[in-house]
Amino acid sequence: MRWLIHDYREDDLAAVVHLIDTTAELGQESVFSLAECISALTSRQPAVVAVHQGVPIGAALASVAGERAWVMRIAIAPAWRGRGLASSLLRELERRLVACRVRRIAYVLPEEELLGEGLRNAGYTRRPAAAYFEKDEPRAGAASGLLEELGGRLLPGDLWAKVAGMETEKNLIERRVVAPLAEPERAARHGVRPPRAIALFGPPGTGKTTFARAIASRLGWPFVELLPSRLADEGNLAAALRDAFARIGQLERALVFIDEVEEIAPLRTEAVQGGMHGVTNELLKLIPGFREGEERLLVCATNSIRSLDPAFLRPGRFDYLIPIGTPDAAARSAIWSRYAAGREDVDLDALVGASELFTPADIEHVARVAAQAAFERDLAGADLGAADLGAADPGAAGPAGTGPAGTVAAGREAAEGASTTDYLAAIAQARPTVTPAMIEEFGADISSHARV
């Protein structure tokens, strides 16, 4: 392999900026300044990077505005010029732009140069008044509209960083799943094959869906969720599955997520309806074909891994079976810190101790209830203050912070944000999703099923 092209990642910034800066005088100019290029990169505009033996050797970036995109820069390391890398980068960048529903791509050069001929060969047409090249993409290209038809989308790029707590699970997924997929060339040098399918299991509400979305965000891949209930609405679930996987196969890259997968891959026993056997068999046949793609990952989630068919989970179909449990004390502290927003008057230790067995979803609900209580108290205080002001003699109001006006302002300031008491009251009223019996069962499932 001469080079590998991947989507731009945050840790590529220094290398890409160096490429842009050092090649500006080598016939690789642009009407866009270095500052404008950096702004596009940091705002997650479409960009691709070529690497050889782990070293960035080329980059291409664009800026999207509606159905039009501007190719801002194609930068190639001097030793790699004239080897077809520019064409490869432009082709990969165009694929990303088409996936963003772009229909017209433009490249403006400051003057006629060698790159102009390459743009003509790539299908661009030079427009009058400046070296302005433009290319129209067909409205119904290979990937145009397909992602939308599947209900898929590109997620915000910061979801991985926003996963609070759960550091043990996050580090495991980073090392086993994300890193090999993000660095396939480096992984290949060590004989590591990137995973193609993983299963996340654990009690409800522990964050399995959040992790699946965060992985897609971290990789910059489209996120496609297949809902068994929606597929079943099409009448023939096995045929609907087959059609969905066939369409997914036309995407360049994708993370496919199936939640509550036990609905379509249950234990094949006599108690299970005969029709479900066919659905399970169909899914077993689809996974090997899905695994042939280089930039694809199937993530299945289940609350009850013991209810899944063993043939479905065996090695060769699923690379890892990863347990996602309730957050421990350190993880709960991290989650509570996010909702408390660094306020020193909130006793995190008290909240952590009172929320044992709470899932991230439980904590989110409790935080919302506490915030609502603080909000309603603030409204009530404002109404009471307004009534007091109406009854007071306007001339009797003292300096700021004294008299009726000062009292109301101080009370309103003190009421801002949920207090420890608000959080503890909400915790006391909550009904945790996970019970001690579920935790015991989860521990047994880890011993019998986990594969990491």
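The values are calculated or read from the model by the stated rules, or taken from the named source; none is laboratory data. No experiment lies behind these values; they were computed from the predicted model shown. Every residue, glycine as well, gets a Cβ built from its backbone with ideal geometry; the counts of neighbours run over all protein chains shown.
In this structure, ILE5 does satisfy being under 21 Å from ALA179 (Cα atoms) and modelled with pLDDT of 90 or more. Within region 329-377, being among the β-branched types (Val, Ile, Thr), assigned to a helix (DSSP H, G or I), touching a Phe, Trp or Tyr at 6+ places or on another chain (Cβ under 8 Å) and in contact (Cβ under 8 Å) with a residue 60 or more places away in the chain holds for one residue alone: VAL366.
Residues that are under 30 Å from ASP7 (Cα atoms), of a type in the set (Lys, Arg) and touching a residue at least 60 places away in the same chain (Cβ under 8 Å) do not occur anywhere in region 252-262.
Condition check ((1) in a strand (DSSP E or B); (2) under 18 Å from GLU94 (Cα atoms); (3) of a type outside the set (Asp, Glu); (4) in contact with a Cys (Cβ under 6 Å, 6 or more places away or on another chain)) across all residues:
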{"site": "ASP12", "(1), (2), (3), (4)": "no, no, no, no"}
{"site": "ALA15", "(1), (2), (3), (4)": "no, no, yes, no"}
{"site": "LEU19", "(1), (2), (3), (4)": "no, no, yes, no"}
{"site": "GLU36", "(1), (2), (3), (4)": "no, no, no, no"}
{"site": "ALA62", "(1), (2), (3), (4)": "yes, yes, yes, no"}
{"site": "ALA69", "(1), (2), (3), (4)": "yes, yes, yes, no"}
{"site": "ILE74", "(1), (2), (3), (4)": "yes, yes, yes, no"}
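For the criterion of being crowded, with 16+ Cβ neighbours inside 10 Å, out of contact with any Phe, Trp or Tyr (no Cβ under 8 Å at 6 or more places or on another chain), at pLDDT below 90 and farther than 30 Å from PRO228 by Cβ, GLY293 fails. Do we find that GLU260 is under 28 Å from the mean Cα position of the chain (by Cα), assigned by TED's automatic domain parsing to the domain that holds SER304, at pLDDT 90 or above and over 18 Å from PRO310 (Cβ atoms) in this structure? The answer is yes for GLU260.
State whether the residues of region 187-196 include one that is of a type in the set (A, V, I, L, M, F, W, C) and in contact (Cβ under 8 Å) with a residue 40 or more places away in the chain.
There is no residue in region 187-196 that is of a type in the set (A, V, I, L, M, F, W, C) and in contact (Cβ under 8 Å) with a residue 40 or more places away in the chain.
Just one of the listed residues (ARG104, ARG44) is without any contact (Cβ under 8 Å) to a residue 40 or more places away in the chain, among the charged types (D, E, K, R) and over 19 Å from ALA24 (Cα atoms), namely ARG104.
Can you pull out the helices (runs of 4 or more DSSP H) entirely within region 394-452 that have at least 2 residues that are modelled with pLDDT of 90 or more and surrounded by 13 or more Cβ atoms within 10 Å (Cβ to Cβ)?
Working: elements: 403-414, 420-429, 436-449.
Per the criteria, 420-429, 436-449.
Scoring ARG176 on the criteria (1) more than 24 Å from PHE245 (Cα to Cα); (2) at pLDDT below 95 leaves a single failure, condition (2). Across region 146-173, the qualifying residues are those that are of a type in the set (Val, Ile, Thr) and touching a Phe, Trp or Tyr at 6+ places or on another chain (Cβ under 8 Å), and the one among them that is modelled with the lowest pLDDT is VAL163.
Output the helices (runs of 4 or more DSSP H) that fall wholly within region 160-249 and possess 2 or more residues being within 18 Å of THR302 (Cβ to Cβ) and not aromatic (Phe, Trp, Tyr), or say none. Steps first, answer last, please.
Details: elements: 167-173, 179-182, 184-189, 208-219, 228-232, 237-248.
So the answer is 167-173, 208-219, 228-232, 237-248.
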